[in-house]
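Structure, as C-alpha cells:
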Amino acid sequence: KTLKDSQKNILSMSVVLMLSILLFLYLGGLLYLYAGQQNVVETGDKLFPAIALQHMPPFVSVIFIIALISALFPSADGAITALTSTFCIDILGIQRNKEMSDARKKQIRQRVHLGFAAIFLLFVLVFKVVNSPSMIGIILKVASYTYGPLLGLFTFGILLKRKVQDNLVPLVCVASPLLCLVIDLNQKALFGSFELGLELLIINGLITFLGLLMVSKPQTAQE
C-alpha cells in the first residue's frame, strides 16, 4: 500500500528467492554425488534427464517430463508476452496513438506476438545446430553486460532517495557496460591469473550505482 511496504516486500522476496536458489544448489550437488555413485557418464545439461529417465523408476520419469513441460511453457509464454507488451507500448507506442482503432491495435499485437514466437523458435533451432557446451556461458556473459545497469538502477531506486538528472541516466547505463568491456578485455593485465566470470555482473551494477550517485542530488521535501 505504501512505498515502505513495497520496499519491504521486495527485500523479503529477495531473501526467499536466495533461500530457494541455495536449496536447488544443494539439490544439484546431491545430484552430482548420486551420478558419481551410479557411474553416470553424462554431464552438464544432459545429467538430470539421464538420471531421471534412465536411473529412476518409470513414475519418476513421467513426473520429470510433466514438470519439465510445466516449467518451460510458462517461462516461454511469459517472456514472449513481456517482449510483445514492451515492443508494442514502448517502441510502437500503440497506446499513445488515439487515432488507432482497437481492432487495429489487436491486429498489431497479434502479429508482434507471432513475430517474437518465430524469433524464439529460430534461436532454439540455432542453439540445436550449434550444440556448444559453452553456449550457456556465452548467454550469461552477455547477460552480465545487459543486466548490470538494470541491477544498478534497481538497487539505487530501492536504497536511496535521491533525484537523478534524467538526461544523464542513459549515459551512465551505456558507460557502465563499456567500462566492464574494457575491464574484461584487459583481465590479464589487471588481475593476473585471476579471471572474472559472472562477477562482471556485480561490477557492472556497482559502476552503474556509483554513476547514478554522481549524477544525483538529495531529494528535497518539496520533491
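Tabulated values for the structure
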| item | result |
| --- | --- |
| Shape parameters for the range 1-130, alpha-carbon atoms, Rg then Dmax in Å | 21.4, 67 |
| For Cys180, Cys173, order by how many other beta-carbon atoms lie within 10 Å, fewest first | Cys173, Cys180 |
| The chain: relative contact order as a whole-number percent, Cα under 8 Å and 6+ apart | 17 percent |
| 18 Å Cα cut-off, lysine pairs counted over the chain (separation 8 or more, or different chains) | 8 |
| Ranking of Val41, Val112 by count of other Cβ atoms within 10 Å, fewest first | Val41, Val112 |
| The range 133-223 shape via C-alpha gyration tensor axes, a/c threshold 1.5 | prolate |
| Label-point separation, Leu25 to Lys4 (7 Å along Cα→Cβ), nm | 3.3 nm |
| Estimated FRET transfer efficiency when R0 is 25 angstrom, pair Thr220-Leu171 (beta carbons, to 0.05) | 0.55 |
| Percent of Cα pairs exceeding the 22 Å cut-off, where the set is the chain | 72 percent |
| Filtered trypsin sites (Lys or Arg not before Pro), the range 15-99: DSSP coil and at most 15 other beta carbons within 10 Å | Arg96, Lys98 |
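Just so you know, all these numbers are worked out from the coordinates, no wet-lab data involved. This is a predicted model, so every value here is computed, not measured. Every residue, glycine among them, receives a Cβ derived from its backbone with ideal geometry; neighbour counts consider all protein chains shown.
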